[in-house]
Amino acid sequence: MTRATLEDALHGAAAAARDRWVGHYERLETLGAGNFVHVAGTLAPHLRRTAALLARWGNREALCVAGLYHAVYGTDGIHGALVAHERRSVIAGAIGVEAEAIVYLYGACDRDAFHPRIGTPHETQFVDRFSRSEYGIAPSALADFCELTLANEFELACSSAAFSAKHGASIAYLAGRMHAHASAQALAACRGLDGVRASGRRAHAPDGL
């Protein structure tokens, strides 16, 4: 599936979501997501496709909206941010406290320190790169973090053959570590990336996305 095909499918299958999220799309464009260079183009379409994946996998609205905004504070995998994390109240006012808390946790994660803890007895001891501190998080927060992480990684694999070939096996391994917390749909999608890696092909999004 080409990137253009994926984009067309997203707009066709997620028409209802697009209608209810149009204000968010406009806000993200105003914040600069359309000009923010990302793995397979700019950040804006990646945010939309990540949210659509979360909706496709049956997640609640707050998590899907968090998918739209998951990189506004930057992440441990990209340079720069659309909004300083000190302005959390602004984003919370726009998307709600529940969704913003998911966004903050995703952006604040020190991946090298925290990801290896997932699947171990220490998996709820979060490592915050913004505050340079560690603290406990609820199992429900860990579940949201895992689902969003897998949606983000799978979307990138769908959009970039090079990303899929380079990171497919590690994403599949991460999905295995997250098996107790992520949805069956997310796990199936990401575990399938291990077979794509050697071929150098782009991963395929689920039908209807």
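The helices (runs of 4 or more DSSP H) found wholly in segment 36-131 and carrying at least 1 residues that are surrounded by fewer than 19 Cβ atoms within 10 Å (Cβ to Cβ) and modelled with pLDDT of 95 or more occupy 61-69, 88-95, 97-108, 111-114. Does at least one position in segment 48-60 carry a residue that is in contact with a strand residue (DSSP E or B) (Cβ under 7 Å, 6 or more places away or on another chain) and more than 21 Å from Leu193 (Cβ to Cβ)? Within segment 48-60, not a single residue is in contact with a strand residue (DSSP E or B) (Cβ under 7 Å, 6 or more places away or on another chain) and more than 21 Å from Leu193 (Cβ to Cβ). Looking across segment 156-197 at every residue that is charged (D, E, K, R) and modelled with pLDDT under 95, the one that is nearest to Arg60 (Cα to Cα) is identified as Arg191.
Scanning segment 148-172 for residues that are within 17 Å of Arg117 (Cβ to Cβ), in contact (Cβ under 8 Å) with a residue 12 or more places away in the chain and not hydrophobic (A, V, I, L, M, F, W, C) turns up just one, Thr149.
Whether any residue in segment 28-42 is in contact with a strand residue (DSSP E or B) (Cβ under 9 Å, 6 or more places away or on another chain), among the aromatic types (Phe, Trp, Tyr) and under 26 Å from Gln185 (Cα atoms) is what I want to check. First the steps, then the outcome.
Of the residues in segment 28-42, the ones in contact with a strand residue (DSSP E or B) (Cβ under 9 Å, 6 or more places away or on another chain) are 33-36.
Now narrow it down to the ones that are among the aromatic types (Phe, Trp, Tyr): 36.
Checking the rest, the ones that are also under 26 Å from Gln185 (Cα atoms) come to none.
Within segment 28-42 (the criterion being in contact with a strand residue (DSSP E or B) (Cβ under 9 Å, 6 or more places away or on another chain), among the aromatic types (Phe, Trp, Tyr) and under 26 Å from Gln185 (Cα atoms)), the answer is no, since none of the residues qualifies.
Within the set Ala165, Ala169, Ala141, the sole residue that is in contact with a strand residue (DSSP E or B) (Cβ under 9 Å, 6 or more places away or on another chain) and either buried (at least 16 other Cβ atoms within 10 Å of the Cβ) or outside any loop (DSSP other than H, G, I, E, B) (or both) turns out to be Ala141.
Take Glu147 and tell me if it is in a helix (DSSP H, G or I), touching a Lys or Arg at 6+ places or on another chain (Cβ under 7 Å) and of a type outside the set (Lys, Arg). Spelling it out, it is not the case that Glu147 is in a helix (DSSP H, G or I), touching a Lys or Arg at 6+ places or on another chain (Cβ under 7 Å) and of a type outside the set (Lys, Arg).
The values are calculated or read from the model by the stated rules, or taken from the named source; none is laboratory data. Just so it is clear, the model here is predicted, and its values are computed rather than measured. Note that we place each Cβ from the backbone using ideal geometry, even for glycine, and neighbour counts take in every protein chain shown.
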